[in-house]
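Participant: Here it is, the structure in full.
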Amino acid sequence: MVNSTTYRARPTALFRDFSERWKSVPGKDGRSAKTVRNRFATFRLMWQQAKAWLYVAHSVCEGVRLPEWEKKEQPHFSVEQVKAIIAEANPPYDTVLWAAAETGIRRGETCGLNVGHVNLPERIITVMRSRWGSGLKGTKSKKPRVFPLSSQLCEALRVYVEGRGPDQPLFLSTRGKRLHPDNWVKRELKPILKRLGLLGATHAFRHGNAS
């Protein structure tokens, strides 16, 4: 084989060294069926890259049988539960939760809204970015998304829109700062859900909206 005209020496590396190189192109821990499948998918991607880098020539993933994973039903809030949650919330969080329930937008997207993203005459709200940590970034879809608003929600939003500049944050914390997605959920929403004996978080508003 070495004397063959098609022979090419293959690079060699310990798997741990290959793993370190591959990290720039993730891994997960856990033992559930879902996690096993996710980890195998990750390993398969790594092995494919190893073949592309000529560390290996064979496949070790063919014929592997993975554990079955039954996707659990995601928690979602009913209309009655949403009303109860909103009734327990103080401003501006009552309107924040109302907007999340009616539109299905994510919590980070809610925190990324500016006054100018709300068009009261047209009764629409445009989601263009999301708050992540201390900064703002584009949404998962990478494109602006427009949602219709009910006349009732528009009236609730009016106090946060009228007389304010378009580049100001739509919702402010008690300290006058743009809402942080982790902070307001932990300090405002979670205590309400605990008092009402409900499971879930902001995604339950999204799933409730979808259902």
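Participant: Can you bin the range 79-210 into rounded, prolate or oblate? Criterion: square roots of the alpha carbon gyration tensor eigenvalues sorted a ≥ b ≥ c, rounded for a/c under 1.5, prolate for a/b above b/c, oblate for the rest. Please report the intermediate quantities before stating the final value.
Facilitator: Numbers: a/c = 1.40, a/b = 1.29, b/c = 1.08.
It comes out rounded by the Cα gyration axes.
Participant: So what is the relative contact order of the range 102-172, in percent, for Cα pairs below 8 Å that sit 6 or more residues apart?
Facilitator: Normalised by residue count, the contact order of the range 102-172 is 40 percent.
Participant: State which entries of K143/K194; K34/K83; K142/K186; K142/K194; K34/K177; K51/K143 exceed 31 angstrom in Cα-Cα distance in the structure shown. Please report the intermediate quantities before stating the final value.
Facilitator: On the way: K143/K194 35 Å; K34/K83 34 Å; K142/K186 27 Å; K142/K194 34 Å; K34/K177 39 Å; K51/K143 35 Å.
As for pairs spanning more than 31 Å Cα to Cα, those are K143/K194; K34/K83; K142/K194; K34/K177; K51/K143.
Participant: Can you give the FRET efficiency for E122 and N183, using 1/(1 + (r/R0)^6), R0 = 41 Å, r = Cβ-Cβ distance, to the nearest 0.05? Show your work: numbers first, answer last.
Facilitator: Details: r = 31 Å, r/R0 = 0.76.
About 0.85, to the nearest 0.05.
Participant: Expressed in nm to one decimal, what extension gain is obtained for the pair A84 and L136 from 0.36 nm per residue of sequence separation less their Cα-Cα distance?
Facilitator: On the way: separation 52, 0.36 × 52 = 18.72 nm, distance 3.09 nm.
In short, 15.6 nm is gained.
All of the numbers you see were taken from the coordinates with simple rules; none came from a lab. Here the structure is a predicted model, which means the values were calculated and not measured. Note that we place each Cβ from the backbone using ideal geometry, even for glycine, and neighbour counts take in every protein chain shown.
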